[in-house]
Every structure is written in structure tokens, then in C-alpha cells.
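Some notes on the structure that comes next.
Taken together, the values in this text are just the output of simple stated rules run on the coordinates, not laboratory data. Quantities reported herein were computed from a predicted structural model and do not represent experimental measurements. Methodologically, a virtual Cβ is constructed for each residue, glycine included, from the backbone with ideal geometry; neighbour enumeration extends over all protein chains shown.
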């Protein structure tokens, strides 16, 4: 009898609790956000020590901007700061501004790794096999020299 009682509690209590409380996701609290950030920077995202072989010249920045506009602009906007991207804030997790301290604190090697491999389970796809190493490295240079937010307008694909 006692075993059946515990079994009923274990089986019935979780659904009753969910019905009472509801199923909802909440944004992470400060501790959870910090834990996620530190985990990404020090555990999950690799290539911390890899150096960018391309120098930050006006030509490399322009090449990076061109590659960025072909591959990254749909989610990150022309300026890398989500300008004009209608779904950027509603994704889970939200699309980050590439000018943010969190993104800019990655090393060049880590940024290349993220572009190459993506970030699961976010919407960030990997570009391995789509972009060449030189294109990725030039995008990293462009990310270090992003224009001011909103200065390039919104992507044309969202203005029609």
C-alpha cells in the first residue's frame, strides 16, 4: 500500500505542479547569465590562442564587410548590431549585438571558431564548408571595426 502511495505521488505530482504553475521560460537570473557567459568563454568556445593571420587594413575590413554582408547580415544586420532585424530580440536566446562587450571579449581565434562551428542550440549556424578561412578571418577583422549602430540602415530584405 505504501509503495503505491509513493508511486502515485511521484507520477501525479509533477503534472499537477506544472498545471498549477504553468510551463513558462524565464530569462536567466544574474548568476545563470554569468555562468553561461563564463562557460562559453572558457569551456565551450575553443581556439582561444589562435591568432588572426590577416592584418587590420582598410582592404581587409572591406573584404570582411563584404563577406559579412553575404553570410551574416540576415541575423546581425548590416552594422552587426541587429539594426532592422525584426526577430533579433524574440529569438531564444536573442541575437547578440556583435559590438557588445560579451562578443568583443572573445579572442580572434574564438570568434573564428564560432563562425566556423556555430553555437548550438542558438540559431547561430556554422559556416564550415561555406566560407573560406580567409573570408572568416576577414569577418573577424570587420567585427573588430564595426560601424556605429544604425549607421548603415536596415537590410534591404526587411524593408519590402
Q | Relative exposure of 108, 79, judged by other C-beta atoms within 10 Å (fewest first) | A | 108, 79
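State the Kirkwood hydrodynamic radius of region 47-158 in Å, one decimal place, computed from all pairs of distinct Cα atoms. Please list the in-between numbers first.
Details: mean 1/r = 0.0714 Å⁻¹.
For region 47-158, inverting the mean 1/r across all distinct Cα pairs yields 14.0 Å.
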Q: Show that you can apply the helix-only estimate: for the chain, add -39,500 (n - 2.57) for every DSSP H stretch of four or more residues, divide by all residues, and state [θ] at 222 nm to the nearest 500.
A: -13500 deg cm²/dmol
Q: Note the angle between two axes, namely the Cα long axis of helix 2-21 and the longest principal axis of the Cα atoms of the chain, as a number of degrees from 0 to 90, rounded to the nearest 10.
A: 50
Q) Among 94, 15, 121, which one shows the biggest mean-square fluctuation in a GNM of the chain, springs joining Cα atoms closer than 10 Å? A) 15
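For the chain, what's the relative contact order in percent, using C-alpha pairs closer than 8 Å and at least 6 residues apart?
30
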Q. What nm value, rounded to one decimal, do you get for the distance between residue 33 and residue 48 when each label is placed 7 Å out toward the C-beta?
A. 2.3
Q. What list do you get for 68, 31, 44 if you sort them by fewest beta carbons within 10 Å?
A. 31, 44, 68
Q.
Quick check: residue separation of residue 160 and residue 120 times 0.36 nm, minus the Cα distance between them. What number comes out in nm?
A. 11.3 nm
Q.
How would 101, 115 line up from fewest to most surrounding beta-carbon atoms within 10 angstrom?
A. 101, 115
Q: Treating the angle as unsigned and between 0 and 90°, give the value, to the nearest 10°, between the Cα long axis of helix 133-143 and the longest Cα principal axis of the chain.
A: 80
Q: Pop a pseudo-label 7 angstrom from the Cα along the beta-carbon direction at both residue 40 and residue 69 and give the gap in nm to one decimal.
A: 2.7
